[in-house]
Each structure stands twice: as C-alpha cells, then as structure tokens.
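Notes follow the structure.
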Amino acid sequence: MKTLRSYIDGRWHEASDGFATLVNPSTEEPVARASSHGVDFAAALAWARQKGGPALRKLTFAERGELLKAMSGALRENRDELLELSRINNGTTKPDGNFDVGGASGTLAYYAGLARGLGDRTFLAEGDGVQLARDESFWGQHVLVPRHGVAVFINAFNFPAWGFAEKAACALAAGMPVIVKPATATALVAERCVEIVLEAGILPDGALQLVCGGTGDLLDRLGPQDVLAFTGSADTARHFRRHARLTGYNVRLNVEADSLNAAVLGPDVGADSTTMALFLKDVCREITQKTGQKCTAVRRILAPAERLGSVRESLVERLGAVVAGNPAADGVTMGPLATADQLEDAVAGAAELMAEAAPVLGAGRRVDGTGSPAGKGYFFAPTLLEAADARRLEAVHRREVFAPLATLMPYDGSAAEAAELVALGGGTLVTSVYCDDDAWVRRFLGAGGNATGRLYVGSESSAPAAPGSGVALPQTLHGGPGRAGGGEELGGLNGLKLYMQRVALQGSRVMLEAVAGSD
Ligand code: NAP
C-alpha cells in the first residue's frame, strides 16, 4: 500500500506511525495511508517565509504567470494518471474526475494569463487615484502588495486537485508561498499533483509545500502576515474562527463552507421551452455530479405550484436513469460517496430531512452499486424529496446532505416569495433561476441577491453556452454570505487580494503616479 508523504523544508517526509488509511470507496479496499507525524512545522514555515516568499516577490506578475502556466501544463500532461487516482480514491467517474483535475489545470491556465497580462510589475494599483486636497499636491491611491507570510490551505475532501490549484493560482500569482493540506481521506490526488509540480522543477524553493495528514502545531505557529484559506464544513470553520492563535494574531482567514444552494424555476417558463429543458438538465446534473459532493450542488428546488407535478415527473424520470456503481464498470454514470463517514452522515441527514419531506425517488439509504460486490462500497442512489410548504420546513433549509439528494418545493411564482424561501438557507454559494423574463430576474436580484454569492440565470439566450450552476469559474467570484462561509475566492484579480495587503498611498499626485504607475 502506498504511503503518502509530506513535502516540507525541501524534503519528502515519510511518517513512521499515526497512519490513516485511504480506501477505494467503490470496493472499500485500502489504497494508501497517510500521516504527518514527525513533520517539523516550524521548519516548513521558516522555509516558506525565508526562501519561498522572497523568491516569489522578486518575480514580476508576468514571471509568476509563467510559473502558473507551467504548473497547468504539468497537470494537464498527467491528466490520465490523475483521473485514475481520482477514481480509486474519490470514486469518481471520468467526467467527475475531470471536473476536479481539468478544473485544476484550467484555473491555473486562466490565472497564468491574467498574471502575464499584468506585466512587469510586482504590486498592483487598485482603482483610480483620488484628490485629497484643493489641488493635486495631496492625492490618494490604493495599492496592493504581497503579504510577507505563508498561505496555508486546508482543503475539503471533494476537490483534491481543484481545491489545491484554485488557491495556489491566486497565492502564487500574488507572490505568497504555499503550504497545502488536503483532506486526509482523499489526499492521493493532491499528493500526486504537488509531486508532479515539484518534479517538473517549476517553482522556486520554498514556494510549495505539502502536508499529508494532520496539521500538528502548524496553526499555533501562524502570524500576522500569514493567510489561512479554508474550505470545508461549517463546524471546522467555527473551530478556526475561535482558534486563539489565529484570532490573537489576526491571521487572515477565508472560509468557504457549505451551502444549501437553490434552483428556482421562473413562472414564465413553458413546459416545452428551451429554458425548461435547461432547468431539468442542469438540476439533474447539479444533484448527481460528483455524487452530490459539491459545495455548489443543488439541494433545494423551487417550482411554481402549478408546475410542481410536471417538474417532479421529469426529475424522477431523469434521476431514475442514473446508474450508481463502481466507475470501473461499464454503464456506471455516478460513483459512490467518498468515505464511510460521508455515507453515514448522508444517511443520517436524509433521515432528518425525510421527517419533514417525503421521498418521491430513492430512500436516502445505502444501495449496492453496479460492478461492486454486494454490501461493499459507499453507494447512495439519487434521492428526490418533496414538501408541500417550504415555510414550514426547518431541516431542509439547515442540514446539508452532502450526497445526491435534493428537495422539491412549490412557491407562488413571485420573485419576492422565491427570494424569501431561498434566504431560509442562511446564505448560498450559488442560486440559480431559470427564467426568460428580465423584470422577474431583476425583482429576484433586488429581493434576494443579498443571500447569495452568485446568481446564475438560465434562459433561452444563455442555453447554448451555460455550463451549469455548479461550475466555479475563475473569472467570477466563488464564495457566499452567511453559512456559505462569508469568504471570497477567484473572481479574476479579486482572487489575489486575499494574499495581498492594501496600502492607502498618500502624497502628491506626481509622486504617487511615479510610485504606483509601474515599477
Ligand atoms: P471538514 O471535515 O471540515 O474538513 C475539511 C478540512 O479541514 C480537511 O482537510 C480536514 O483535515 C481539516 N480539518 C478538520 N478539522 C481540523 C482541525 N481541527 N484542524 C485542522 N484541520 C482540520 O470538511 P470535509 O468533510 O472535508 O468537506 C465537506 C464540506 O466542505 C462540505 O460541507 C462542503 O459543503 C464543504 N465544501 C465547501 C466548498 C466551498 O468552496 N465553499 C468546497 C468544497 C467543499 P482531515 O481530513 O485531516 O480531517
């Protein structure tokens, strides 16, 4: 069985005890083990701060962009191997694995282009300058400079490749060195991604380190110039928000947590319209892609009361055609949940939701999977619940079931009620509305835009190119208010700001333009 290693202080570190076992979720066979016992976290931080940071800060944005381009290329060249690792450790089908692995190289490529476009500068002017006195002898201009610390990433189990790459793209472009800690249960892909990048000799020493296993005393050593970028559950986020060292030193913390995303069918959408077809296609994909283990998956579906029956019928037909099983077997279209813990949590969550919403498809339980031995594998068939009154529900708006499960509910067709019901989820990463009536969408944005990080509008005019609401594109913001964590990632240049210090430069206009204009 493979032993995953950590890459610390310029060396691969292999632990000798404290191992967690990683398994193939389709067969429950062990595939690797991981432990960070014995990792010297003080040395890791020193190497990043003293070597990696200075080396990156010496580079211009354009030069950092070249590093990202090479990283993207290296991952792309090894795509098939990474997809295979994803299958055996995350239980992904090829398209689902590629959503993670291809998403990683695509995001790096996007930020490579963005950074190269920033040219030969090492910091950024932000917005326009502003006159602060009667004339231009006193002027203001915001600039962004790289923080002189370490960017620590603690990532969720569901995106071992993209989770690493989307954060690393922004931190490295901004000029900060990285220590990445993937979720232990699915660290196989992340370990290989880091190994590929290191083997290719792309990055300066100290720019990238990897922790496979627990974080030891790493967090107790972070300081005021460091950043902790976390993706995972709201519970773990709460632990970090209360962490004495993080709060005591004002370590910058970004949280990407869970989210009860909603899809809303507009009242104008006809049964045979393009927009209805898009709604059904998107919603089914957003329930079942990656076996529902996406922070952006659709968990709640709102349809005008008079359309509820036909929407239910169509969703049941489509979701019923999904074949859950071992992705190695022919005909399988959806893999298992990633771990035994995830299955247990999903079954418990489904039971909680089924106390207030009735199943119309699936039973919210483990099933046997096609191509896997009976009783083995963490399979969970697509499950659709339905409830008559969305306002009377509590668990449906509170409990994230990280599995292919969603609840269908009626609403009165008004943008105001749709927004009100979506907001019961406490803040989403993405809300999707399917509608061809711009006035209705405008009303929805006004009433409910505050409760989401992204509003995805599916319509006849977007149908030819719309990728689905679950895709976190690097050009636009990823993150959401409230229970979604309140964080912000990606969004083009916005993504770099987490890793930079904003400085309000004040002085004469002529001086500031000379300083901030280019360097
Ligand atoms: P999790 O249990 O919170 O774990 C996330 C990460 O935190 C793992 O790397 C875990 O390490 C680490 N961790 C947990 N407790 C820690 C502690 N006390 N100190 C240091 N590290 C700690 O979440 P998960 O089960 O992996 O991921 C599923 C959740 O992530 C879902 O709720 C999903 O919605 C959310 N998610 C959000 C986004 C987003 O962008 N908003 C994206 C993906 C997933 P170990 O694995 O070693 O325990």
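In table form, for the structure just shown:
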{"quantity": "Rounded to 10°, Cα long-axis angle of helix 438-448 versus longest principal axis of the chain", "calculated": "70 degrees"}
{"quantity": "Positive dipole terminus of the chain, leading residue within Asn158, Pro327, Met71 (C-beta point charges)", "calculated": "Met71"}
{"quantity": "Whether the chain is rounded, prolate or oblate, judged on the alpha carbon gyration tensor where a/c under 1.5 counts as rounded", "calculated": "oblate"}
{"quantity": "Magnitude of the charge dipole, the chain, Cβ model with Lys/Arg +1 and Asp/Glu -1, debye to 20", "calculated": "1040 debye"}
{"quantity": "Residue among Ala32, Gln131, Gly113 farthest towards the positive dipole end of the chain, charges placed on Cβ", "calculated": "Gln131"}
{"quantity": "Accessible area per residue, Å², the chain with all protein chains present, probe 1.4 Å", "calculated": "37 Å²"}
{"quantity": "Debye, to nearest 20: dipole size of the range 402-519, +1 on Lys, Arg Cβ, -1 on Asp, Glu Cβ", "calculated": "420 debye"}
{"quantity": "Computed [θ] at 222 nm, helices only, for the chain once each DSSP H run of length n ≥ 4 contributes -39500 (n - 2.57)", "calculated": "-10500 deg cm²/dmol"}
{"quantity": "Portion, in percent, of the accessible area of the range 316-467 that falls on carbon or sulfur, probe 1.4 Å", "calculated": "52 percent"}
{"quantity": "Among Tyr411, Val189, Gly369 - extreme Cα towards positive end, dipole of the chain, charges at beta-carbon", "calculated": "Val189"}
{"quantity": "Cα centroid separation, the range 184-263 to the range 314-361 (Å)", "calculated": "29 Å"}
{"quantity": "Among beta bridges that DSSP assigns inside the chain, antiparallel share in %, nearest 5", "calculated": "40 percent"}
{"quantity": "The range 70-111: trypsin sites (Lys or Arg not before Pro) falling in loop per DSSP and having at most 14 other Cβ within 10 Å", "calculated": "none"}
{"quantity": "By average C-beta atoms within 10 angstrom, highest first, the peptides 361-374, 423-436", "calculated": "423-436, 361-374"}
{"quantity": "Segment Asp437-Ala465, extension gain: residue separation times 0.36 nm, minus the distance between their alpha carbons", "calculated": "8.2 nm"}
{"quantity": "Packing-based order for 330-341, 100-111, using average beta carbon neighbours within 10 Å, highest first", "calculated": "100-111, 330-341"}
{"quantity": "Amide proton proximity set for Asn254, modelled H, under 5 Å, gap of 5+", "calculated": "Leu228, Ala229, Phe230"}
{"quantity": "Dipole magnitude (debye, nearest 20) for the range 263-416, charges at Cβ of Lys, Arg, Asp, Glu", "calculated": "260 debye"}
{"quantity": "Rounded to 10°, Cα long-axis angle of helix 162-174 versus longest principal axis of the chain", "calculated": "30 degrees"}
{"quantity": "Pairs from Lys58/Lys94; Lys2/Lys281; Lys58/Lys167; Lys58/Lys290; Lys281/Lys376 whose Cα-Cα separation, in the structure shown, is over 32 Å", "calculated": "Lys58/Lys94; Lys2/Lys281; Lys58/Lys290"}
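The values are calculated or read from the model by the stated rules, or taken from the named source; none is laboratory data. Computed from a predicted model, the values in this text were never measured in an experiment. Cβ: placed from backbone, ideal geometry, glycine included. Neighbour counts: every protein chain shown. The protein model used for the area step is the full one, side chains on, heavy atoms only, and it has no ligands, DNA or RNA in it. Shrake-Rupley method; radii C 1.70, N 1.55, O 1.52, S 1.80 Å.
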